Amino acid sequence: MEKVDHIGIAVKSIDEAMVFYTETLGFRCTAIEEVKTQQVRVAFIDANNVKIELLESLDEKGPISKFIEKRGEGIHHIAIGVQSIEERISELKEKGIRMVDDVPKEGAGQSLVAFLHPKSGHGVLYELCEKTHMEEK
């Protein structure tokens, strides 16, 4: 594991939440994209010492909609940057960690992602994130 890559925050509306992050807090939005495989629209916020990923559902039955329905808006996951995501998944499984994703999926910012089950993370959803290009989010 390298470092915390970003903190994912579930929001009902990126457009509404963006006002708080950019105008109130003074952070900068670096990109917005849709990740159809994850059923989300994502905004990347540069908060200087940490990156924030705002997650808005594209589907009322998608995972972010379900999360907001159960828990409300708020922290959804903590992403950890890794090299060789397949090797990390294998290592974690060998250590008895339950995975949501046994195989990496396409994520935002041209990355591969896989989630650890929150029951293995003491109630926290962790995402493994491998960059597939040279730039960081």
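No value in this document is a laboratory result; all are computed from the given coordinates. Worth saying up front: this structure is predicted, and the values here are computed from it rather than measured. For neighbour counting, all protein chains shown are included, and Cβ atoms are generated from backbone atoms with ideal geometry for every residue, glycine included.
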With r as the distance between the Cβ atoms of Thr132 and Ala31 and R0 = 22 Å, compute the FRET efficiency 1/(1 + (r/R0)^6) and round to 0.05. 0.90
Specify the inter-centroid distance of the stretch 5-38 and the stretch 58-92, based on alpha-carbon positions, in whole Å. 15
Out of the stretch 29-68, which trypsin sites (Lys or Arg not before Pro) are coil in DSSP terms and have no more than 11 other C-beta atoms within 10 Å? Lys61
What is the helix-to-structure angle for 85-94, meaning the angle in degrees between its Cα long axis and the longest Cα principal axis of the chain, kept from 0 to 90 and rounded to the nearest 10? 60
Return the loop-located GluC sites (Glu not before Pro) in the stretch 24-127 (DSSP other than H, G, I, E, B) with at most 13 other Cβ atoms within 10 Å of their own Cβ; answer none if there are none. Glu60
Treating only the Cβ atoms of Lys and Arg (+1) and Asp and Glu (-1) as charged, compute the dipole magnitude of the chain about its Cα centre; round to the nearest 20 debye. 460
